[in-house]
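Engineer: Quick one: the structure is below, and I'll ask about it shortly.
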Amino acid sequence: MLTFAFRKILTLLGTMIGIAALTFVITNIAPGDPARLVAGPNATEDMVATIRSEYGLDKSLPEQFIVYMGDLVRGDLGTSIVTTRPVLEEVMRYAPATLELVFVAMFLGIVIGVPLGMLSAVYKDGPLDQVTRIFSISGVALPAFWFGIILQLMFAVDLEWLPVSGRLPLVTRPPEFVTGLLLVDSLIAGKFSTFWVSLQHIILPAIVLSFPCLASILRVNRAEMIEVLQSDYIVAARAHGISSFRIVALYALKNAMLPTLAMIGLRFGWMLGSTVLVETVFDWPGIGLYAVSSALSSDFKPVVGVTLMIGFFFIVANTLVDLAYAWIDPRLRKA
Amino acid sequence: MTALLDIKNYRLDIGTFDGPVHVLKGINLTVNRGDTVGIVGESGSGKTVLVRSVLGIGPRNAKVVEGSISFDGQDITNLPEKDWTKIRGIRISMIFQDPMTYLNPLFTVGRQISDVIAAHEKAAGTGVSSKAARRTRTEDLLDQVGLPNPSMLFSQYPHQLSGGMRQRILIAMALAGKPDILIADEPTTALDVTVQAQVLDLINSLVEKLNLTVIMISHDIGAIATVAKRCAVMYKGEIVEQGMTQDILNRPQHEYTQRLLAAVPDIDIAPEKVAAEATAAKPSKPGHLLEAIDLKKVYRSQSGADFTAVNSLSLSVKTGEIFGVVGESGSGKSTLARMLMRLIEPTSGDIIFDGQNISGLSGEPLRKMRRHMQFVFQNPHSALNGRHTIGDAIGEPLRIQTNMSRRDIEARAEALLDIVQLPKMFKYRYPHELSGGQKQRVCIARAIALNPRLLILDEPTSALDISVQAQVLDFLQELRSELNLTYVFISHNLAVIRQICDRTIVMKRGEIVEQGDTEQIFMAPREDYTKALIESGRKTSQAANLQV
Amino acid sequence: MTAAPMNTQIDTPAEASRPLTFRERHASQIRQWRLYAHMFRKSFSSMLGLTLVVLFLLLAAFGPLIVPYPEAASGAINMSAKLQPPSSTYWFGTDEMGADIFSRVIIGARTSLWIGVVITGLAAIVGITLGIIAGYRGGWVRAVIMRITELFLAVPGLALALAIVAALGPGITNCVLALAIVWWPGYVRLVEAKTLSIKEELFIESARSIGAKTPWILWHHILPNCMSPIIVKMSMDMGMAILSAASLGFIGLGAQPPSPEWGSMISVARTYMPDWWWYSLFPGAAIFLTVLGFNLLGDGLRDILDPRSRDR
């Protein structure tokens, strides 16, 4: 089990290097002279040349790559043109907001998706199954940005139950920084009113973000449950007199959880990607919004920084899923 | 005395797209306490559906049209699910065909058995006993079915055990509730010959020790005869004949039973007629068509350990003979067959076909050589591409190896269908519309399309029903004399080998244990392994049981 | 398992001397298609999906011919009619330039179809080719292809596409290109896995034993047996590609106004919230129904094409 974990962590490092290489390639597919782009439209030929040597753009691509990797290892993701601050610092500042949003959304997705999937499998082709089928496919098909706007219209503008956007009202002082997750920090600080306010703020974006995730977890879990329930060992368990409830809730669920886990890992990454939409709609100060606003002002370094960061979170999540797999499935432990 | 299990005029339909299929047509069967009843039938006879109905775990879309099943005086035909919990696994329990797929891979063996015990205690209303008590009981059960070291087994997972051990665990699980009736659904089919004999012995000893009532279903008459005193023969959803096993084996009344019994190859009968024919068919110049010299195949596993599948093996096949290769699973016989065909690259050694060393060939010369030797695979169900029509499948070798026009290929495909005794119309059909025997004929037609000189047959009948096996074997012998073919015939079934092979090698762990004329090997085996193999083969053969 | 005795044998006319009719020769296929149609018709959601997709295709084909204000697509300005609520003249209302939103939504179908077809098509061609090679060849070829594929899959698609568009510059062409670049790895993984399992089937060995060359085996044996999941995935991906392109349009990196692209319409409309709600409602509904249609269709196709749910 330990060597298994060790191998997984090695793979993780390898993938990180790969992603870094990928972002380097993307940086270099940009058309035109990057030095001129940085220098601005009114720069003279001399200024462009200065910038070229300053940024090391006059070196060959392999050399540039080595420099780039060296910077990454030292945690240097470059500087934002707009804010003139180090990208790493800004990404670290925005990341907790995104993670908080993703965690809450993932929680909703699992807590609702898995039981619903189970129930629709057990009552296959029944009314509940028909409803969840339409519901789950709609969930994947809903444009997150549009759905967000509709929810804002209904619950924030019309009914005024929940705030329209943001993480906390401007007047509320954020709790002392511990984890960066407001829900957690406010509890640690004992400020329940702040907890309540931030909970109100996170509900709508979390629902929008979790909807497709919930839908696909439901579908995978349903499909796997159906397959497992037809398998020979379930037939055998029934023949040996094990109660239906125990068969579904214990035996079959554990077997069906394996592919569901894989889907959860996959959807985690997908959610990180979708934060660029949801955070834009809800003005949520996370790395998604940071990436979008940087991209719109042609500030490229932060976009790369966020891509790297999202890739990193995703790989970590997948590694955790792999470990959970091995924990559940004894056949994998030896391998 | 009322019967323990009474099935009366039971009729069952399964709904399909093409309308209802009558799977069971008026079954009448009575089982008394202490009986051992066998149900013999080939695939599609409805025997599995019947016994599963007895446990209330029949197919989803099934509908009982008429009749009833009663157990110990209680009608269980349409019992609600909650009442089943008092019967299933406790009063009637079941062991299954393939012990791998019937054990949950994610739970330990001990956990699965003690869960069954807990479920029974709950159903009985006695309250669930402690974990330790259940563990003791589980280990007792494991011990009872002859498994060594139960306390270690308790915390092992199914994938760590062999097939025979898993089957014993399933039996232990079935015995957990001290059942009135034990149903055994093809309990030996997925196992090796020697293991089969052990499992049958175990069932017999349990019947004696625990005074069990057993219903065993199988396609293997030998296995049924070993266990069951009474037996019923099922054919196309009906019981065509039932009575004492002895009587049925000795004096079968129904035409189907007679046909079935005649089809079982007998390990103890020397096939005089065929042997004579083979000698007659021998060409005037009996050269060696195929030789293998010092053939070796080593696989390297991911952990770096070497596994020798075939070890320094030499053989020579004479032109015109049927050369048998017999061995249990894992003996390397399939690897050997594929190496002779160059489908697997040998690690070292030479293969000489018709005087030419073919072990170094590659590319175009290898492709050309393939015309002269062809392969017939074990499982006709997966040897045909489901997306090609039969006509395409038979024509494929011609399209690949010759420049024949489309029309000529069509004509040749029809002629080949004729040779393998299938209607020409079949060229428009798809494999899934054909039966197993028909599919194997198509595979043979495909193999002989290029007029090869040598056919390598890898267990060509083991995926087929017994009566179909007999037909295919007869047909193969006819074909050989018609087309002057040489066969290398691979099988785990000794009776089949004896029936058709001229010379035979016995393989074990990649090496030849014994070789010689087939008759000589069967009459006077020199090696212990061969003797043991023939002995366990005899146990599952019908003739030996008749003499009991 | 229970070997349900499915008797699919088709009655064969006795060896007929007359040439067979088309129906007789193709009885197997006809039965298969009738079975497909039967299973598909039985499912409400599949039929709904098919209806939505057909409607979408019709609008994409004939939309520009039937809309009331065709000039709305090209950014015609009619300030006197700006931001009108839905009415009998303007069914979906008008935007800030006075253009008819109904016309723009209908004409947007063609843009979306184009986006979906190009992304899915490019991704499928590249992905299937690489996947089948990786799966069949194995060894270092597979290792290289799969490593690169996994690398692409290790970054969430939308985030990667965003980075690529940011590098290439905003615009509909770059957006489609970026999405195609992040989309192919999914096909590689699907086809490679499928190829690996088909490769082990006896009929592949059988084809090798009669001397078939690798291209023949790939084309005649492996590809046809991969097709079911590919068709299902392509149907689903049509929807998801349209959705992703609309997402980039919404962020402001995809299609640029006044191009009638649904995502970029919502991007502009967002600034007119909440008072001019119709502006974002209708383009969004169009995206939703289109994506829903392709997903339901793909789901229905999976039910009938998936060999696990079919009798074998």
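Please treat every number below as a calculation from the coordinates, not as lab data. All values reported here derive from a predicted model rather than from experimental measurement. All Cβ positions, glycine included, derive from the backbone under ideal geometry; neighbour counts span all protein chains shown.
Engineer: Quick one: compute a quarter of the convex hull surface over the Cα atoms of the protein assembly as shown and quote it in nm². Mind showing how you got there, number by number?
Structural biologist: Working: hull surface 223.3 nm².
Its average projected convex-hull area is 55.8 nm².
Engineer: Using a cut-off of 27 Å between alpha-carbon atoms, which lysines can reach B:K178, once sequence neighbours fewer than 8 places away in the same chain are excluded?
Structural biologist: Partners found: B:K8, B:K47, B:K82, B:K86, B:K122, B:K131, B:K209, B:K229.
Engineer: Which residues' amide hydrogens lie under 5 Å from the amide hydrogen of A:L77, considering only partners 5 or more residues apart or on another chain, with H built in the peptide plane?
Structural biologist: Those qualifying (amide H under 5 Å, at least 5 residues apart or on another chain) are A:V87, A:L88.
Engineer: Which loop chymotrypsin sites (Phe, Trp or Tyr not before Pro) in region A:164-196, with loop taken from DSSP, have no more than 13 other Cβ atoms within 10 angstrom of their Cβ?
Structural biologist: Answer in residue order: A:F177.
Engineer: Counting other beta carbons within 10 Å of each residue's own, what order do B:H381, C:H38 fall into, fewest first?
Structural biologist: So the residues, fewest neighbours to most, are C:H38, B:H381.
Engineer: Along the charge dipole of region C:158-312, Cβ charges K/R +1 and D/E -1, which of C:T195, C:S209, C:L179 sits furthest on the positive end?
Structural biologist: After comparing all options, I get C:S209.
Engineer: Leaving out same-chain residues fewer than 8 places away, which aspartates and glutamates sit with a Cα under 12 Å from that of B:K424?
Structural biologist: Straight-line reach from B:K424, under 12 Å: B:E410, B:E414, C:E15.
Engineer: Okay, moving on. In region C:171-201, which GluC sites (Glu not before Pro) are in a loop and have at most 12 other Cβ atoms within 10 Å, using DSSP for the loop call?
Structural biologist: Those satisfying the criteria are C:E200.
Engineer: Modelling each spin label as a point 7 Å along the Cα-to-Cβ direction, I'd like the B:A524/A:L128 distance in nm, to one decimal.
Structural biologist: It is 7.4 nm.
Engineer: For B:V325, what residues show an amide H to amide H distance below 5 Å, using hydrogens built from the backbone and excluding near sequence neighbours?
Structural biologist: Under 5 Å from the amide H of B:V325: B:F489, B:I490, B:S491, B:I505.
Engineer: Still on this model: Taking only Cα atoms and a 10 Å spring cutoff, compute GNM fluctuations for chain C and point out the largest among C:F250, C:F56, C:F44.
Structural biologist: Of the options given, C:F44 has the highest mean-square fluctuation.
Engineer: What FRET efficiency comes out for A:W196 versus A:R93 if R0 is 22 angstrom and r is the Cβ-Cβ distance? Round to the nearest 0.05.
Structural biologist: E(calc), rounded to 0.05, equals 0.35.
Engineer: Let me ask something additional. Taking H as built 1.01 Å from N, whose amide H comes closer than 5 Å to the amide H of B:E514, not counting residues under 5 places away?
Structural biologist: Amide H neighbours of B:E514, under 5 Å, 5+ apart: B:V506.
Engineer: Of C:Q256, B:T189, A:A121, whose Cα points farthest to the positive end of the dipole of the protein assembly as shown (charges on the beta-carbon: +1 Lys, Arg; -1 Asp, Glu; origin at the Cα centre)?
Structural biologist: About the Cα centre, the residue reaching furthest to the positive side is B:T189.
Engineer: Could I ask something else about it? Using a Gaussian network model of chain A with C-alpha springs under 10 Å, which one of A:T98, A:T50, A:T260 is most mobile by mean-square fluctuation?
Structural biologist: A:T50
Engineer: How big is the charge dipole of the protein assembly as shown about its Cα centre, in debye rounded to the nearest 20, if each Lys and Arg gets +1 on its Cβ and each Asp and Glu gets -1 on its Cβ?
Structural biologist: 800
Engineer: Right, next: In degrees, nearest 10, range 0 to 90: what is the angle between the Cα axis of helix B:528-539 and the longest Cα principal axis of chain B?
Structural biologist: Compared with the principal axis, the helix lies near 60 degrees.
Engineer: Sticking with this structure for a sec: Write down the Kirkwood hydrodynamic radius of region B:5-263, to one decimal in angstroms, obtained as one divided by the mean of 1/r over all alpha carbon pairs.
Structural biologist: By the Kirkwood definition, the hydrodynamic radius is 19.1 Å.
Engineer: To the nearest 20 Debye, how big is the dipole of region B:332-477 about its Cα centre, given +1 on the beta carbon of each Lys and Arg and -1 on that of each Asp and Glu?
Structural biologist: On the way: 19 positive and 15 negative charges, 78 e Å.
Its charge dipole is roughly 380 debye.
Engineer: Roughly how many nanometres apart are two label points built 7 Å out from the Cα toward the Cβ at C:L20 and A:D71?
Structural biologist: Here the answer is 7.0 nm between the modelled labels.
Engineer: Oh, and also: Relative contact order of chain B, please, whole-number percent, based on alpha carbon pairs below 8 angstrom and at least 6 residues apart.
Structural biologist: 15
Engineer: So, one more: Using 1/(1 + (r/R0)^6) with R0 = 35 angstrom and r between the beta carbons of B:N250 and B:A415, what's the FRET efficiency to the nearest 0.05?
Structural biologist: 0.20
Engineer: Within region B:169-194, find all residues whose amide N lies under 20 Å from a label point positioned 7 Å from the Cα of B:S435 along Cα-to-beta-carbon.
Structural biologist: Flagged as within label range: none.
Engineer: Here's something else I'd like to know. Determine which residues of region B:32-65 fall in the zone a paramagnetic label at B:K8 would reach in this model, i.e. backbone nitrogen under 14 Å from the point 7 Å along Cα→Cβ.
Structural biologist: Counting only backbone N, you get no residues.
Engineer: If you don't mind, there's one more thing I want to ask. For region C:223-280, what is the relative contact order in percent, using Cα pairs closer than 8 Å and at least 6 residues apart in sequence?
Structural biologist: So the answer I get is 21 percent.
Engineer: Here's a follow-up. Assigning unit charges at the beta carbon (Lys, Arg +1; Asp, Glu -1) and nothing else, what dipole magnitude in debye, to the nearest 20, does region B:5-263 show about its Cα centre?
Structural biologist: Values: 27 positive and 27 negative charges, 123 e Å.
For this selection, approximately 600 debye.
Engineer: Extending each Cα 7 Å along its Cβ direction at B:D83 and B:R259, get the distance between those two points in nm, one decimal.
Structural biologist: 4.0
Engineer: Can you bin chain C into rounded, prolate or oblate? Criterion: square roots of the alpha carbon gyration tensor eigenvalues sorted a ≥ b ≥ c, rounded for a/c under 1.5, prolate for a/b above b/c, oblate for the rest.
Structural biologist: The shape class here is oblate.
Engineer: On to the next question. Can you sort C:L158, B:L473, B:L5 by how many other beta carbons sit within 10 Å, fewest first?
Structural biologist: Ordered by Cβ neighbours within 10 Å, fewest first: B:L473, B:L5, C:L158.
Engineer: For region B:457-467, take each phi angle, set θ = phi - 60°, evaluate the Karplus expression 6.51 cos²θ - 1.76 cosθ + 1.60, and give the result in whole Hz per residue in order, putting x for glycine and proline.
Structural biologist: Listing the rounded values in order: 10, 9, 6, x, 10, 6, 8, 10, 5, 4, 5 Hz.
Engineer: Something else: For A:F135 and A:F245, what does the FRET efficiency come to when R0 = 22 Å and r is the distance between their Cβ atoms, rounded to the nearest 0.05?
Structural biologist: About 0.35, to the nearest 0.05.
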